[in-house]
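The values are calculated or read from the model by the stated rules, or taken from the named source; none is laboratory data. Please read these numbers as outputs of a predicted model, since none were measured by experiment. Here the Cβ positions follow ideal geometry from the backbone for every residue, glycine too, while neighbour counts run over all protein chains shown. Please note that ligands, DNA and RNA were not included when accessible areas were found on the heavy atoms of the full protein model with its side chains. Shrake-Rupley method; radii C 1.70, N 1.55, O 1.52, S 1.80 Å.
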Amino acid sequence: MVETTAKKDSLITRLNKVLTPIGQKLGNEKHLQAISNGMLFGLPFLVIGSFFLIVANPPIVLDRYDPRTANIFMQWLAGWKYWAMAHYAQITIPYNMTMGVFGMICAFGIAYELSKAYRRLHPATDGMISLVTFLMVATTVDKNNKISLNNLGTNGLFVAIIIGLLAVEINRGIEKSKLKIKLPDSIPPMVANFINSLIPLVANIFIFYGANLILVSVTHADFTTFIMKCLTPATFLANSLWGYILIVTLGNLLWLIGVNGSNVIFPIVFATGIAATGANAALVAKGLAPTHLMNLQMFRIAVLGGSGNSLALVILMMRSKVEKYRALGKLSIIPGICSINEPIIFGTPICFNPILGIPFLIAPIVNIILTYIAESLHWIGMGYIVDPSFTPFFFQAYMSSMDWRNIIFEIILIIIGIFIYLPFFKVAEQNELRKQENIAE
């Protein structure tokens, strides 16, 4: 027994030495933090836009509606649907001007957050330069001189990320090279900031808009189209089942050594999830069925109850023979329902725990595979609505697709999670009881 414990401690020590520095470096990396915080900057707009999309798309199929046999609730839904169809353009304006310009919002937010991380004097100026530059390369003009806004939403998200990061780096490079207009001290700071922002703005326009014009003339593809083609191999990993599993498992491995793995993988899975959800939303807005499987709903299920799908563990802990586990489980049930599980990760603990660490890795993999299969076979609705973070899982399940089947499906996943955690939890519980007996003796 002593030898086995020593081996476990040795393994944890080796993992700690190898993975902790990597995880901490990634978690504290300025550019990854800027992407994560910059997209969160636009999250309220996504949520509000999604609400209007819900209003515009009541959960009823009129082809299956028979007013002669429908109950009062279905009649109300049908009335809502007819009203929404008659006023669809007006209802979806808030959606188009929030979720429809999410890329533009992120272009500002990412540059602003990176500029703050560098402790630059005027983060808002860097954000506006990024935003204006993004507008120049993301908008296109058709033969009738009409401007298309299609790339300002989630379609242009990756371009917004690239411009948001590079614009700040270009501005920093110009500042380091001391390419500034020398002004007397009597000039007010606001005026000086305005004048000194001219050179970075011109530089970004020259670089990005110039590149856009060259790409259009040479490849007949604008900047956004070209970048998306280049990113296809990279995004394929996060948009494929096994690639997604690999990314989520990496984040959970980092949690096991005490590093916030969600912060590391969040920019990748959130960006791809938002893009897929936005693409599904665009299909639904046209009256078509969503087709993108790796949407934001997949990420929500990957962290059902928090990283490691630990809501199942919380439920087991509530009926544990160990008083500490039982108390912690009761305290953590409400946060767990809202996918907040730091109390469990650090209180049980799960981190640095090779026994509970195994189901912590396995449960999300099982959930992701089952969700992929269920979406593919149309057993559940695909996500096309960006639901608010940290809301009860059953509410998120319905809001993401306006499909009641998703709630039942997630409850089934929790039950499966309980069976996955159960044997490992029993081992951990017995070990804890044994420790208490040794202390009592």
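Couple of notes before you dig in:
- Checking each residue in segment 400-410 for being open to solvent by 80 Å² or more (accessible area, probe 1.4 Å) and within 22 Å of residue 362 (Cα to Cα) picks out only 408.
- Selection count, segment 308-328, where residues are out of contact with any Lys or Arg (no Cβ under 6 Å at 6 or more places or on another chain) and closer than 19 Å to residue 413 by Cβ: 10
- Residues of segment 151-167 that are in a helix (DSSP H, G or I) and at pLDDT below 90: 151, 152, 154, 155, 156, 157, 158, 159, 160, 161, 162.
- Of the numbered criteria (1) at pLDDT below 85; (2) surrounded by fewer than 18 Cβ atoms within 10 Å (Cβ to Cβ); (3) more than 25 Å from residue 270 (Cα to Cα), the one residue 319 fails is (1).
- Checking 237, 313, 288 one by one, the residue that is surrounded by fewer than 19 Cβ atoms within 10 Å (Cβ to Cβ) and either in a helix (DSSP H, G or I) or modelled with pLDDT under 80 (or both) is 237 and no other.
- Residues in segment 357-382 that are assigned to a helix (DSSP H, G or I), over 28 Å from residue 431 (Cα atoms) and either open to solvent by 40 Å² or more (accessible area, probe 1.4 Å) or modelled with pLDDT under 80 (or both): 369, 370, 372, 373, 376.
- Scanning segment 331-356 for residues that are touching a helix residue (DSSP H, G or I) at 6+ places or on another chain (Cβ under 8 Å) and either aliphatic (A, V, I, L, M) or modelled with pLDDT of 85 or more (or both) returns 331, 333, 337, 344, 345, 350, 355, 356.
- Flag for residue 345 being crowded, with 21+ Cβ neighbours inside 10 Å and assigned to a helix (DSSP H, G or I): yes
- The conditions of being part of a helix (DSSP H, G or I), touching a residue at least 60 places away in the same chain (Cβ under 8 Å), aromatic (Phe, Trp, Tyr) and within 26 Å of residue 416 (Cβ to Cβ) are met by residue 266.
- Residue match in segment 124-143 (condition: open to solvent by less than 80 Å² (accessible area, probe 1.4 Å) and over 28 Å from the mean Cα position of the chain (by Cα)): yes
- Residue count, segment 18-42 (criterion: at pLDDT below 70 and not polar (S, T, N, Q)): 8
- Verdict on residue 96 being surrounded by 12 or more Cβ atoms within 10 Å (Cβ to Cβ), over 30 Å from residue 174 (Cα atoms) and modelled with pLDDT under 90: yes
- Test: residue in segment 383-399 that is open to solvent by 30 Å² or more (accessible area, probe 1.4 Å) and within 28 Å of residue 242 (Cβ to Cβ): yes
- Complete set of residues in segment 323-340 that are loosely packed, with under 14 Cβ neighbours inside 10 Å and in contact (Cβ under 8 Å) with a residue 24 or more places away in the chain: 324
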